[in-house]
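Notes follow the structure.
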Amino acid sequence: MSDESSDRQIWCRYAVLPGEVAEHVLISISDGVITAIERGAPEPTDRSTAPERLDGIAMAGFANAHSHAFHRALRGRTHRGVGNFWTWREQMYAVAARLTPDNYLALARATFAEMVLAGYTLVGEFHYLHHQPDGSPYRDHNAMGTAVIRAAQEAGIRLTLLDALYLRSGSGRPPTEEQLRFCDESASGWVARVRELANSDVRNLERVRIGAAIHSVRAVDAPSIATVAKHAHESGLPLHAHVSEQIGENDQTMLEYGCSPVQLLAQQGALSPSFTAVHATHLAHADLGLLGMAGCTACFCPTTERDLADGIGPSSELVAHRVALSIGSDQHAVIDPFEEIRAIE
């Protein structure tokens, strides 16, 4: 990768700019940040002093806002025959049980490298594969997260590691055997582990930041949602959660709390401009208003949602409520930002 600490100029024969494809564009960069864009810049003639040159069509890199890197190992295995989200999940558990920090490093690195080749330059990794298969911690409590961070560094992609709290299999039910390695003992234990990671050598790495995630209201009880939201707010972390991905999730939340997942998240202080509702497939009208008033973002993963989540969510309605949209490749059956965008209504 180029040295982000130096000043650079790139001359583009064509560049995709807001509202147009412009010709002869000179882009100035300082410390990895675009500082100026000049349309109609003369074509460089002196190669010894000329800026870098791109003769194709240049465009900004894509952000992949929702990734589970280890799901990439399921490609080609889960699209045979018939099934649904719940049958797919059993195969996902089987893959998760075989991963170690070493082989996860190799898998995540390959997944991130494929993203770079597809045009992604930033990934939000929704990370809940924390401990050993029996649930006991590694000597380094963040060994799996550290493997993901190293993989992103080696693949050359910016990373936000969205460390996810996972506590249970559903309302009043402890985690299953397959879920033990996802789970911290408590929300306060999760906070301690995430702080340990944030205060490690990670803080000295370029292109890496730590974020927070609530796996889902199915997997985290209400008081623990509040704990994660409080930590994210006080620490200035982005906060993501799977939201209303399945109708069954909505039904379970209504039985347990008498409200929708979005309403529960709002009650526990999770909604803010730093919050991203992932999937947001089965939303009530009141949910749209809550997300919009809080300034939230919704992340759609259409190539996954059309397979596993009973369809793609109400993108037009969300935009009408001033909820910004982002995309993610999620299960990585396809890693192609253009395909994700084409699949959104």
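Quick notes on this structure:
- Kirkwood hydrodynamic radius (C-alpha pairs) into Stokes-Einstein, the range 208-304, 20 °C and 1.002 mPa s, D in µm²/s: 162 µm²/s
- Counting Lys and Arg as +1 and Asp and Glu as -1 over every other residue whose Cβ lies under 9 Å from the Cβ of Leu159, the net charge comes to +2.
- Carbon + sulfur, % of accessible area of the chain - ligands and nucleic acids excluded, 1.4 Å: 52 percent
- With all protein chains kept in place, the per residue accessible area of the chain amounts to 46 square angstrom at a probe of 1.4 angstrom.
- Working note: Karplus 6.51/-1.76/1.60 with θ = phi - 60° gives the range 9-16 the couplings 10, 10, 9, 10, 5, 9, 9, 7 Hz, where Gly and Pro are set to x.
- Descending principal axes extents, the range 91-174, alpha-carbon based, whole Å: 42, 27, 23
- Inter-label distance, Glu154 to Ser136: 2.7 nm, where each label sits 7 Å from its Cα along the C-beta direction.
- Rg/Rh (Cα only; Kirkwood hydrodynamic radius) as it applies to the range 117-214: 1.00
- Full-extension gain in nm, Asp201 to Ser316, via 0.36 nm per residue minus C-alpha separation: 37.2 nm
- Among 273-280, 336-343, the order from most to least packed when residues are scored by Cβ within 10 Å on average: 273-280, 336-343
- Distant-in-sequence amide H partners of Ala65 (H built 1.01 Å from N, under 5 Å): Gly124, Ile327, Gly328, Ser329
- Residue-wise HN-Hα coupling along the range 246-263, computed from phi with Karplus coefficients 6.51, -1.76, 1.60 (Hz; x: Gly, Pro): 10, 4, x, 5, 4, 4, 5, 5, 5, 5, 7, 10, x, 7, 7, x, 4, 4
- FRET efficiency estimate (nearest 0.05) - Cβ-Cβ, Leu122 to His285, R0 35 angstrom: 0.60
- Annotation: amide H of Leu17 within the under-5 Å range of Ala22, sequence separation 5 or more or interchain, hydrogens built in the peptide plane.
- Summed residue charge, Cβ within 13 Å of Ile57's Cβ, Lys/Arg positive, Asp/Glu negative: -2
- Length added when fully stretched, Glu234-Glu185, from 0.36 nm per residue minus Cα-Cα: 15.5 nm
- Annotation: amide H of Ala41 within the under-5 Å range of Val25, Leu26, sequence separation 5 or more or interchain, hydrogens built in the peptide plane.
- The residues packed around Ser216, meaning those with a beta-carbon under 14 Å from its beta-carbon, carry a net charge of -2 if Lys and Arg are +1 and Asp and Glu are -1.
- Along principal axes, Cα extents of the chain, largest first, whole Å: 70, 47, 46
- Backbone N atoms of the range 113-151 closer than 13 Å to the 7 Å Cα→Cβ label point of Thr100 belong to residues 132-133.
- HN-Hα J in Hz across the range 118-131 - Karplus 6.51, -1.76, 1.60, θ = phi - 60°, x for Gly and Pro: 7, x, 7, 10, 9, 9, x, 8, 7, 9, 10, 9, 9, 10
- Spin-label model, Asp336/Tyr93: points 7 Å from Cα along the beta carbon direction are separated by 3.2 nm.
The values are calculated or read from the model by the stated rules, or taken from the named source; none is laboratory data. Since the structure is predicted, the reported quantities are computational estimates derived from the model, not experimental observations. Heads up, the Cβs are rebuilt from the backbone with ideal geometry, glycines too, and the neighbour counts pull from every protein chain shown. For the accessible areas, the whole protein counts, side chains as well, though only heavy atoms, and no ligand, DNA or RNA atoms are used. Shrake-Rupley method; radii C 1.70, N 1.55, O 1.52, S 1.80 Å.
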